[in-house]
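Q: Got a structure for you, questions after.
The values are calculated or read from the model by the stated rules, or taken from the named source; none is laboratory data. The structure displayed is predicted, hence computed values, not measured ones. In case anyone asks, the SASA skips ligands and DNA or RNA and just uses the protein heavy atoms, side chains included. Shrake-Rupley method; radii C 1.70, N 1.55, O 1.52, S 1.80 Å.
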Amino acid sequence: MTLLALIIGFTFSMAIDRHDQREIFEEGEANAIGTEYLRADLLPPKPAEATKDLLLQYIDQRILFYSKQSPEKIQEIRNKTDQLQTALWNEILPTVKTQNTATMALVASGMNDVINSQGYVQAAWWNRIPSTAWGLMAAIAICANLLVGFGARNFEKNTGLFMIFPFIISVSFFLIADIDSPRGGVIRIEARNLVALKNNLTQQMNASTPSISKK
């Protein structure tokens, strides 16, 4: 039982660390996109407008990535994200090539951060507790429950021990699996920073758009 408790505690710590890492990467991705959106103003008017429009579309796809979707929809989102990344890079590339300045280097560096941040997020979502660790926990849990059942042969006098111990182990396994699953389950990674960024940029666009008075 002591060995099972240690392994469950260690695995739970692994799941929490991965959960926190995914939230940090989501925040970093929102910061990278927001920074590049501001740096797009350093481009000439036409590429700047096109880059901002693509970044808004890109934010929409990133928000969809964090939502609960079917595997087919997730693959579609990934394909669309790749297409937008290529379009964003191709949009700034001509200007960066023709204007080899420190200012354009900032724009290129910011776009590189946007693309890299998406890769970090994807790697963090693929980083799950290994199946071997689950197998070891399951094997030790079965052995521990067998020992508890053997020790609780007199069921009427040991009802609490016989029933509570498997329940606690089941709840522990459920919490670990739920935390380790970023898209499904009760505890999920939400795109709070990306949603806040999209709302902020939308408000800025609406505020900068001149109102047309009706005659």
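Q: At a 1.4 Å probe, what is the % contribution of carbon and sulfur to the accessible area of the chain?
A: On the way: 7790 of 12670 Å².
Accessible surface attributable to carbon and sulfur in the chain totals 61 percent.
Q: A follow-up question, please. In degrees between 0 and 90, to the nearest 10, how far off the longest principal axis of the chain does helix 131-151 point, with axes built from Cα atoms?
A: With rounding to tens, the tilt is 30 degrees.
Q: Averaging sequence separations of C-alpha pairs under 8 Å and six or more residues apart, then dividing by the length of the chain, give the relative contact order as a whole percent.
A: Working: 162 pairs, mean separation 76.7, N = 215.
Contact order relative to length: 36 percent.
Q: Can you pull the semi-axes for the chain, root of five times each eigenvalue of the Cα gyration tensor, sorted largest first, whole Å? Show your work: numbers first, answer last.
A: Details: eigenvalues 522, 67, 33 Å².
After diagonalising the Cα gyration tensor, the semi-axes are 51, 18, 13 Å.
Q: Something else: Tell me the per residue accessible area of the chain using a 1.4 Å probe; a whole number in Å² is fine. Show your work: numbers first, answer last.
A: Working: 12670 Å² over 215 residues.
Value returned for the chain: 59 Å² of accessible area per residue.
Q: Determine the equivalent ellipsoid of the stretch 1-70 by diagonalising the alpha-carbon gyration tensor, then write out the semi-axes as square roots of 5 times the eigenvalues, largest first, rounded to whole Å.
A: On the way: eigenvalues 344, 36, 4 Å².
Over the Cα atoms of the stretch 1-70, the semi-axes work out to 41, 13, 5 Å.
Q: Looking at the stretch 53-176, I'd like the Rg to Rh ratio, where Rg is from alpha-carbon atoms and Rh is Kirkwood's inverse mean 1/r. All intermediate terms of the calculation are to be shown ahead of the outcome.
A: Details: Rg = 25.9 Å, Rh = 19.3 Å.
With Rh from the inverse mean 1/r over Cα pairs, Rg/Rh is 1.34.
Q: Here's another thing I want to ask about it. Pairing the Cα long axis of helix 159-180 with the longest principal axis of the chain, what angle in degrees results, from 0 to 90 and rounded to the nearest 10?
A: 20
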